[in-house]
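Below is one structure, written out as structure tokens; comments come after it.
Just so it is clear, none of the values below were taken in a lab; they were calculated from the coordinates. Quantities reported herein were computed from a predicted structural model and do not represent experimental measurements. Note that each Cβ is placed from the backbone with ideal geometry, even for glycine, and that neighbours are counted across all protein chains shown.
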Amino acid sequence: MPFEIVRNDIANMTVDAIVNTANPKAIVGFSVDKSVHDKAGPKLILERKKIGPIAVGEAVISPAFRLDAKYVIHTVGPIWMDGNNNEEINLANCYRNSLRIAKENGCTSIAFPLISTGTYGFPKSLALQVAIREISSFILDNNMHIYLVVFEKESYELSEKLFKSISSYIDDNYIEEKKLESIKDGKYNRRGHRLIDFNCVESKESCDSSEENFDKELTFKNYLDSQNLEYNYKPGLKDDLNVLLNNLEWGFSETLLHLIDESGEKDTVIYKKANVDRKLFSKIRTDKDYRPSKKTAIAFALALELSLSDAKKLIEKAGFALSKSSKFDVIVEYFFINKNYDIFELNQVLFAFDQPILGS
């Protein structure tokens, strides 16, 4: 996917450019700066001395030496005072200038730390908002794989209002469903969810119940309640699975392309808003039988700004459903209900709640 949030030591990232939170003077600082210099070796500080002082919000580039990258982009973040000294503007400039320099030097991938949130004291939730805003804005007009690297969970923080709102919604809607004991011949994973093998063509007993089918699972209650699902089952499944056999006119790809045409947006706008790369979208466009992952189907529903009911229909075209028994699904549903279609903000939330993020 074009933009990912990952937990790692940024000095260990294998990318074209690593962004270092540099000291304004040519000295080795703490935290990210020290980690980058330690791995890059002594030549990096010598190169940094050649560059000289760097102003707050500015960025410069140098070789990466022993790092698993081509370049180090040095940027100086603002020290948090009281929020009234252009701190947010200067932080935004760190991201903008770093991305500009990376683009000018032909970089196709770049890794950022959460700038200024360490010893400089920038509020983590506000710093995260600035980072996501600047990165997502850049991605809409450029092709680059961008990582936001978080070393410790404690350094990553949602706004208190957003965290409380989503936590409350999860508490009200998340249901830990138990195994349905009355279904004697069903197969379940460790969560008590029934597994459905969408390639099974003989009988329920012969269906594969391995963890590889995790993305294709639904609770028995959910798929019985869903009368308009459009899975590509073949003859042989009986009784309670017959409800899945109706209305098989269009597959996911055909439906998606039709919705994009109806939206009036260009393909590039939609797949970038979905945090999906061009190669995957090309597969979807050329293969009418393409079956995406659940995460990809949800990502396109967001990019198209569908209502919750229409989003569910598109997701069903891919062979999935949203379930109250999945925390991931409940968080996704929250965003559709609140008409918040920003996939990058949703990914912030999913990451904070230890859920997989969306995109290809």
Report summary line: Largest-first semi-axes in Å of the equivalent ellipsoid built from the Cα gyration tensor of region 17-59 are 15, 12, 9
Report summary line: Expected sort for Cys107, Cys94 with the fewest Cβ neighbours (10 Å cutoff) up front is Cys107, Cys94
Requested in this report: Counting only DSSP beta bridges with both residues in region 3-157, tell me the antiparallel percent, nearest 5.
Outcome: 20 percent
Report summary line: Ranked on Cβ counts within 10 Å of their own Cβ, fewest leading, Lys294, Lys324, Lys124 go Lys324, Lys124, Lys294
Requested in this report: Arrange the following residues from fewest to most other Cβ atoms within 10 Å of their Cβ: Ile337, Ile331.
Outcome: Ile337, Ile331
Query - Separation of the Lys70 and Asn86 label points, Cα + 7 Å toward Cβ, nm - result: 3.2 nm
Query raised in the report: Taking R0 as 51 Å, what's the FRET efficiency between His258 and Thr14 from their Cβ-Cβ distance, rounded to 0.05?
Result: 0.85
Query raised in the report: Of Lys283/Lys313; Lys273/Lys317; Lys70/Lys295; Lys43/Lys279; Lys103/Lys317; Lys50/Lys103, which pairs sit farther than 30 Å apart, going by alpha carbon to alpha carbon?
Result: Lys70/Lys295; Lys43/Lys279; Lys103/Lys317
Query raised in the report: Under 5 Å between amide H atoms, partner at least 5 residues away or on a different chain: which partners does His145 have, H built in plane at 1.01 Å?
Result: Ser109, Ile110
Report task. Take the Cβ-Cβ distance between Asp287 and Asp310 as r, set R0 to 22 Å, and report the resulting FRET efficiency rounded to the nearest 0.05. Result -> 0.45
Report task. Sort 41-48, 131-138 for me by packing, meaning the mean count of neighbouring Cβ atoms within 10 Å per residue, highest on top. Result -> 131-138, 41-48
